[in-house]
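First up is the structure itself, then whatever we jot down about it.
Throughout, read-outs are computed from the coordinates displayed, never taken from laboratory work. Quick caveat, the model's predicted, so the values are computed rather than measured. Reconstructed Cβ throughout: ideal geometry from the backbone, glycine too, with neighbour counts over all protein chains shown.
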Amino acid sequence: MTTKPNKTISKNETNQKSKSNASSTGTLRIDVSLMDRIKKEVSELNKRKVGSRKIKISEYIQLAIDSIPEEKKEELAGQTVTGFDFFEMGFTKYLKTIGKISKDTFMAKIASGEIILVDFLKEDAPVYKVA
């Protein structure tokens, strides 16, 4: 019984194989309800039989992304700001405009009402200086 010699694959050959088998699609995690809604809408569009080719989900999503106005994108980005982020922005602005202060002291000034954080963060807000 003869055995075939084992072929060793170089690292370069391995990379070439994996590149040729690479897919141009990726994975994205979304809520199940959103996935179901997208599938339902694309399915309804495909039932219209305007052409012989079916609409791909990626085409539907691309069209939706392209049609989002810049104002809506800014609104969505604004929804990501947390209370801690708000505090940090105020603290940073205070450091730039007035000078050094500890976070504890800054928080105490907010709690006592000496600094109103919402007013302080406005672009045209007066700078509160403590004598």
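Across the cross-link table entries Lys72/Lys109; Lys40/Lys73; Lys39/Lys72; Lys73/Lys109; Lys72/Lys96, which are compared at the Cα atoms, the separations over 32 Å belong to Lys72/Lys109; Lys73/Lys109. Karplus-based coupling profile of segment 100-114, in residue order and whole Hz: 5, 7, 7, 5, 4, 5, 4, 5, 5, 5, 5, 5, 7, x, 5, with θ = phi - 60° in 6.51 cos²θ - 1.76 cosθ + 1.60 and x standing for Gly or Pro. Counting other Cβ atoms within 10 Å as a rough exposure proxy, the listed residues Leu117, Leu95 run Leu95, Leu117 from fewest neighbours to most.
Take each peptide in 88-94, 48-54, count the other Cβ atoms within 10 Å of every residue, and average; sorted highest first, the result is 88-94, 48-54. Taking amide H atoms as placed 1.01 Å from N in the peptide plane, the amide H of Ile115 lies under 5 Å from those of Ile110, each 5 or more residues away in sequence or on another chain.
Per-peptide packing, taken as the mean over residues of other Cβ atoms within 10 Å, places 78-84, 103-109 in the sequence 103-109, 78-84 from highest down. The modelled label-to-label distance between Glu70 and Asp104, using points 7 Å beyond Cα along the C-beta direction, is 4.5 nm. Within straight-line reach of Lys103, meaning a Cα separation under 15 Å, sit the following aspartates and glutamates at least 8 residues removed in sequence or on another chain: Asp85, Glu88, Glu114. Cross-link reach is defined here as a Cα-Cα straight distance under 19 Å, omitting same-chain residues fewer than 8 places apart; for Lys49 the aspartates and glutamates meeting it are Glu41, Glu59.
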